[in-house]
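Taking it in order: structure first as structure tokens, then the write-up.
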Amino acid sequence: MATVTVSLPLPSLPEGWLAEKDFKPIGKITKDGAIARTIEPIGPHFLAHARRARHKRTFSEDDRIQAQERAKNVEENDDGDISETEDPMMLQREAKDWKTQDHYKVLGLSKYRWKATEEQIKRAHRKKVLKHHPDKKAAAGRTEDDQFFKCIQKATEVLLDPVKRRQFDSVDEEADVEPPTKKQLQKGNFYKLWGSVFKSEGRFSKNHPVPTFGDDKSTKEDVENFYNFWYNFDSWRTFEYLDEDVPDDNENRDQKRHVERKNANARKKKKAEDNARLRKMLDDCSAGDERIKRFRQEANAAKNKKKLEREAAEKKAAEDAKAKKEAEEKAAKEAEEKAKLDREAGKKAKEAAKNAVKKNKRVLRGSVKDANYFVSGDASPATIDAVLGDVELIQAKIDPDEIAALAGKLNGLKVADEIKTVWTEEAQRLVGAGKVKEAELKAFKA
Amino acid sequence: MSAPKPAPGDRTVIGITFGNSNSSIACTNDDKAEVIANEDGDRQIPTILSYVDGEEYYGQQAKNFLVRNPKNTVAYFRDFLGKDFKSIDPTHNHASAHPEDANDTVAFTLKDKAGEDDAPSTLSVAEISTRYLRRLVTSASEYLGKKVTSAVITVPTNFTDKQKAALIAAAADANLEVLQLVSEPVAAVLAYDARPEAEIKDKIVVVADLGGTRSDVAVVASRGGMYTILATAHDYEFAGAALDKILVDHFAKEFMKRNAGVDPRENARSLAKLKLESESAKKALSIGANASFSVESMAEGIDFASTINRLRYETIGRTVFEGFTRLVESVIKKAGLDVLDVDEVILSGGTSHTPRIAANLKAIFPGSTTILAPSTSATAINPSELQARGAALQASLIQEYESEDIDQSTHAAVTTVPHITNAIGAVSVSESGEEVFVPIVPPETAVPARRTVIVPAPKNGGDVLVKIVEGNTHIKVTKPEPKANGDSKAAKVEDAGDSDSDFSDDEEEEEEKREKVWKIGATLAEAGIRGVKAGSKVEVSINVNADLSVTVTTREVGAKGGVRGTLSA
Ligand SMILES: Nc1ncnc2c1ncn2[C@@H]1O[C@H](COP(=O)(O)OP(=O)(O)O)[C@@H](O)[C@H]1O
């Protein structure tokens, strides 16, 4: 065999791929992966194969027989599936009545009918030919009677022509499955009974696959599909098989045309009737179909459930809104009250602070008075004025906290120098902070 | 007579097709097969014997006696060999000697001696076959200038062991050694594969052998020059005789148009003439567009001449022609395959000359399938000669073998072997980065088998992964895009001009697209090839051994060493 060259490249080795000797065995060909077949012993390549096979090993006779038996046989010789006893009445039929003959029965295919494959028809035909060929009957000393043989030929002619076969299948009543009666349905088996009706009816479908009827476990979708398919059924069924024979001599043109018109009308009428029949059948079937009822109830229940849910949701929403509004109102009121309290508290605190400042200021002023304005003996009004002026100045420049702090430092001090030092330090702090100018100070100069 | 057993060196061998309608003889010349013309100049020799005044006629001369001497003419007997009366179909013997039941075998009663008083003889089908084969051997011996001793004979694939034994015995009685019986479709494949220009490739071949009274179709897996039949069908409805019948009915009606009330089919002799001339017209229509039909004294002394053109013929024969197509489709399906799996269709048998049949088949296969028929391929071999050529080739291959050797080589112990059901291949990467299956050993390959492919390494080289996997095909169907609506359609109608072409345009657009795609299955092994040069290629060899163990060998092309590993069965 020549080596084949391929155009698409191999992949790169994945990162980190490792194997002993760079080969990683993973699977294998299982017994199921092979089937024994027979090679045809012909041609140079086979002879080479035979040479190799024979020289490698020898087979015992047993092996040989087994090998043969194991090979899958591609020839099939059994006609077991087409054997049917022949009705003696049928054997009496005349070929000229072929229109009314049951072609499947003639060939022994009654149980297959429209399901018979082309191969089955051919095999059945051959089987009947072997049995009924007039030359064979003649050879057996029987009179030459070829009527049934002609029936066989006619049946085969019809069934092997796809167009004619459809025409016959269209009117093959034997293949019809009648819709179940009320009585039959009372015994249960609804799905089985109707299922076989539609299975048989489905043979006329132009579209495939034909959905099956299903059972009580079918999903809603399947059931809907089924009825949709059937209510829109596209059928190839025709009725020309039932045509009245058109006279084929040329003289009777009018008569001929008349029959043709009659036939066309009859076909149309039968087709319309067939459509109506199918529709009625569907109506009957769906009317009794528990699945449809159940789906409707379920749908209703689902709808109701939705409604209740919606109402509940609306109610809850209203309640939520109300609660929210109340909560908001409450919060607003509380906030207001708090604000009021805060305001009051603030007022009190301010007053307290004012009081504290007043008190502290009293301490400050008291301190210089206690220190006798830092002179011994009676202080002159000018001195008092200068000291108090500075005290005023400093007080004005510092905030209540600083006042409190200063008061804290002065509180309890009795010694004039110490008091003065505190004041001077404070004065200097303010000078340093640029709040007071040195020149403004009179008593607490550095 | 006991079977003749010439020593291998003393053999003169030929190939024989012993058909139900026609037979052929062939020999090889410098390894090339050649079909031999008999003394009448015929390469298709009707399988018919006729006795007139004690004289034996065979072939075309015997066939001509179907008109004047039907009772002493025996035709269509090959299929009765090795069968009992109960299981034969006498349909085609109605216009010649009728088969009879004689002690569990089939016989014919013929007046084969000259004397007025000599009683007719009852001859078994085995005896008839012996007499006929003797005539074939004589013709071949005369042509070769040497006594033919041995032959390879083709038989249908559904010939039973009993039928085969009966044929070998009948040949022995004609002093002919049967080297081997080979099946008809495979002989046809060999005839094509043995041509010097043929390449041995793995392929699926459909052989449609369309004969006179039967059509046999086989699907053959051709793997490395070895052939395995995957499915067959045998059909007795759609064959040459059905086409003859259509023409017989046609010309009978034409005749009756001019001669009301005289149906030439109701008189045996008229019918025989009608049949012979219809067959001639049918053959003429395989080559020309017209055929003439002319019979002297067709019925009640009235001469009749008419013509038919090919179109008319193809119209009245439609159901039969379509039957052939369905038959071929059914066998492909039976083999579990699709038309997309078929690489070649070989049309074999006389009826395969018909252009309409080849054209109809061409229409159901993809463009990549080769249809080997005279009307579709310039290099096609004459379909009537394929089987005889194949038989002659096989005869020349084994003529040096001892007959025990042949028996052993063709025994089931040698021919029955496992065939893998899945393909084995490697994984490549497509431009879009997807993993793609590269088949190396196709499905239905008999083991042991060895196949090698060469695959490019990644563009830049480096370390390469060779992943060996199983693969399978499935048929991907793409539905046509839903058509754009209203206005574009309206525009098209305007463009199209006449409604006819517009219609066919639509048809084509609506066709769905079917393609065969490989699917990657189970991984069997991985191999790494290190340090491959940029732009280099990698060779991957797979050996599937007789015990289904698999040996993988792979290396950079031109490099030493490589990676090798075995998967035990
Ligand atoms: N050139 C041709 N065109 C059409 N049909 C042909 C041609 N040559 C032979 N045949 C038909 O082929 C049939 C014989 O085919 P053959 O393969 O010899 O038959 P069988 O396999 O049955 O022996 C006959 O029906 C014959 O009419």
Practice problem: Please work out which residue is farthest from the other protein chains (Cβ to nearest Cβ), limiting yourself to the range B:98-113 and to residues that are in a loop (DSSP other than H, G, I, E, B) and among the acidic types (D, E). | Solution: B:D112
Quiz item: Can you name every residue in the range B:51-64 that is away from the ligand (no atom under 14 Å from the Cβ) and part of a loop (DSSP other than H, G, I, E, B)?
Solution: B:D53, B:G54
Quiz item: Does the range B:68-75 contain at least one residue that is away from the ligand (no atom under 16 Å from the Cβ), surrounded by fewer than 22 Cβ atoms within 10 Å (Cβ to Cβ), within 14 Å of chain A (Cβ to nearest Cβ) and closer than 26 Å to B:S215 by Cβ?
Solution: yes
Quiz item: What residue, among those in the range B:375-398 that are away from chain A (no Cβ under 12 Å) and not small (G, A, S), is farthest from the ligand (Cβ to nearest atom)?
Solution: B:T379
Self-check item: Verdict on B:A140 being surrounded by 21 or more Cβ atoms within 10 Å (Cβ to Cβ) and more than 14 Å from chain A (Cβ to nearest Cβ)
Solution: yes
Quiz prompt | So B:I287, is it within 16 Å of the ligand (Cβ to nearest atom), under 25 Å from B:P46 (Cα atoms) and within 14 Å of chain A (Cβ to nearest Cβ) | solution = no
Practice problem: Check B:L372, B:L327 and return the single one that is within 16 Å of the ligand (Cβ to nearest atom), under 12 Å from B:V206 (Cβ atoms) and away from chain A (no Cβ under 14 Å). | Solution: B:L372
Practice problem: Identify, from the list B:A208, B:A198, B:A218, the residue that is surrounded by 22 or more Cβ atoms within 10 Å (Cβ to Cβ) and either away from the ligand (no atom under 16 Å from the Cβ) or more than 10 Å from chain A (Cβ to nearest Cβ) (or both). | Solution: B:A208
Exercise. Looking only at the range B:205-213, decide whether some residue is farther than 28 Å from B:L133 by Cβ and of a type in the set (A, V, I, L, M).
Key: yes
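A quick yes/no check of all residues on (1) assigned to a strand (DSSP E or B); (2) at pLDDT below 95; (3) within 23 Å of the chain's Cα centre (by Cα):
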residue	(1), (2), (3)
B:N20	no, no, yes
B:C27	yes, no, yes
B:V35	yes, no, yes
B:L49	yes, no, no
Self-check item: Residues (more than 7 Å from chain A (Cβ to nearest Cβ) and outside any strand (DSSP E or B)) located in the range B:409-446
Solution: B:E431, B:S432, B:G433, B:E434, B:P442, B:P443, B:E444
Quiz item: Scanning the range B:447-465 for residues that are closer than 17 Å to B:T551 by Cα and in a strand (DSSP E or B), which turns out nearest to the chain's Cα centre (by Cα)?
Solution: B:A449
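So that you can scan it fast, the table gives a plain yes or no per residue for (1) acidic (D, E); (2) under 22 Å from A:K280 (Cα atoms); (3) not in a helix (DSSP H, G or I):
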residue	(1), (2), (3)
A:F149	no, no, no
A:T156	no, no, no
A:K164	no, no, no
A:E174	yes, yes, no
A:K192	no, yes, no
A:G195	no, yes, no
A:G202	no, yes, no
A:V210	no, yes, yes
Self-check item: the range B:432-460 residues that are touching a residue at least 40 places away in the same chain (Cβ under 8 Å), paired with ones that are among the basic types (K, R) (beta carbon under 6 Å, 6 or more apart)
Solution: B:I440/B:R451; B:V441/B:R451; B:T445/B:R223; B:I454/B:K537; B:P456/B:K537
Practice problem: Provide a single number: the residues in the range A:1-52 that are surrounded by fewer than 17 Cβ atoms within 10 Å (Cβ to Cβ), more than 28 Å from B:G390 (Cβ to Cβ) and among the polar types (S, T, N, Q). | Solution: 3
Practice problem: Sort out which residues of the range A:190-213 are of a type outside the set (S, T, N, Q) and touching a residue at least 24 places away in the same chain (Cβ under 8 Å), and write them in order of number. | Solution: A:F190, A:Y191, A:W194, A:V197, A:F198, A:E201, A:R203, A:F204, A:K206
Practice problem: Tell me, yes or no, whether the range B:234-242 has at least one residue that is within 16 Å of the ligand (Cβ to nearest atom), surrounded by fewer than 24 Cβ atoms within 10 Å (Cβ to Cβ), within 9 Å of chain A (Cβ to nearest Cβ) and not charged (D, E, K, R). | Solution: yes
Quiz item: Does any residue of the range B:156-175 turn out to be within 16 Å of the ligand (Cβ to nearest atom), more than 13 Å from the chain's Cα centre (by Cα) and part of a strand (DSSP E or B)?
Solution: no
Exercise. Report yes if B:I308 is farther than 29 Å from A:K164 by Cα, assigned to a strand (DSSP E or B) and either within 14 Å of chain A (Cβ to nearest Cβ) or within 14 Å of the ligand (Cβ to nearest atom) (or both), otherwise no.
Key: no
Practice problem: Give the range B:174-195 a look and list any residue that's among the β-branched types (V, I, T), under 19 Å from B:A446 (Cβ atoms) and more than 8 Å from every other protein chain (Cβ to nearest Cβ), or say none. | Solution: B:V189
Exercise. Could you tell me whether any residue of the range B:466-483 is of a type outside the set (F, W, Y), in a loop (DSSP other than H, G, I, E, B), crowded, with 16+ Cβ neighbours inside 10 Å and touching a residue at least 60 places away in the same chain (Cβ under 8 Å)?
Key: no
Exercise. Kindly state which strands (runs of 3 or more DSSP E) lie completely within the range B:521-569 and contain at least 1 residues that are more than 10 Å from chain A (Cβ to nearest Cβ).
Key: B:537-544, B:550-556
Self-check item: Lone unmet requirement of (1) outside the structural domain of B:L361 (by TED's automatic domain parsing); (2) away from the ligand (no atom under 14 Å from the Cβ); (3) among the charged types (D, E, K, R) for B:E277
Solution: (2)
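This table checks each residue for (1) outside any strand (DSSP E or B); (2) away from the ligand (no atom under 16 Å from the Cβ); (3) within 14 Å of chain A (Cβ to nearest Cβ).
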| residue | (1), (2), (3) |
| --- | --- |
| B:P6 | yes, yes, no |
| B:G9 | yes, yes, no |
| B:I14 | no, yes, no |
| B:S24 | no, no, no |
| B:N38 | yes, no, no |
| B:R43 | yes, no, no |
Practice problem: Count, please, the residues in the range B:339-360 that happen to be more than 16 Å from the ligand (Cβ to nearest atom) and of a type in the set (A, V, I, L, M, F, W, C). | Solution: 4
Exercise. Tell me, please, whether a residue that is out of contact with any strand residue (DSSP E or B) (no Cβ under 7 Å at 6 or more places or on another chain) and of a type in the set (V, I, T) can be found in the range B:404-418.
Key: yes
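The values are calculated or read from the model by the stated rules, or taken from the named source; none is laboratory data. This one's a predicted model, so the numbers in the text were calculated from it and none came from an experiment. Note: ideal-geometry Cβ built from the backbone for every residue, glycine included; neighbour counts use all protein chains shown.
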